[in-house]
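Quick note: the coordinates plus some simple rules give every number you see, no bench work behind them. All figures in this text were calculated on a predicted structure; none of them were measured in a lab. Positions of Cβ are backbone-derived with ideal geometry, glycine not excepted, and every protein chain shown enters the neighbour counts.
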Amino acid sequence: MPGKLVAEIVTLRSLQILQQQIDAEISTYSFKKEEYSERLGNFLREAEEKYGDEDWFKEFSLDNIGGGKPKKGNSKKKSNKKRKKKKGGSDNWVPFKSLELSSSIQGEAEVMFETLQAITEKLEALEESKESIEELRNVGLGNEVIYICYVKDGVISKIVLKSVGSDDVSKFTFNMGFTKSHIIGT
């Protein structure tokens, strides 16, 4: 299966490179979200005539995803919770070892909606990470810093700042901005 490790350590010397990598990820996920939204829209239009009056179809209507794109707010999250509750006790899904199997059109719709929701959540996390990196760039740590990044599920959550080429021990402190202090050997 294609994908990245669940957790990685990325070491960089430039926040600009880090920001470019995040932008590339955002672009990839945005493209996939648009592609899947279009696929879902086509699916719903085709299925509307046959299944339009059924409750499960109304729950999966295009209105719930804002014309192909998930709406911001709690309405989507509530409908996902309802679907997850139904899924466990539903006849649409059959447990098979660590998997769930379905041969229904409702199962196909659920897979598409859940995929779009996961991509939307990933995009939101990447955007937050991008904003944090932009703020960190504004602090102006300079080129004498190595950034050791902890990346979990493709999103940076922690960064270790390490001084480059300095014999004395450097320590970064945060006081509404970063400053570099030098500790002289004892």
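Here each label is just a point 7 Å from Cα along the line to Cβ, and for T28 and D153 those points are 1.7 nm apart. Residue by residue, the stretch 120-136 carries 3J(HN,Hα) couplings of 4, 5, 5, 4, 4, 5, 5, 5, 5, 5, 4, 4, 5, 5, 4, 5, 5 Hz when phi is fed to the Karplus relation 6.51 cos²θ - 1.76 cosθ + 1.60 (θ = phi - 60°); x denotes Gly or Pro. Remark: spin-label model distance K50-Q21 equals 4.6 nm, labels positioned 7 Å along the Cα→Cβ axis.
In this simple spin-label approximation, S14 and V94 carry label points 7 Å from Cα along the Cα→Cβ vector, and these lie 5.5 nm apart.
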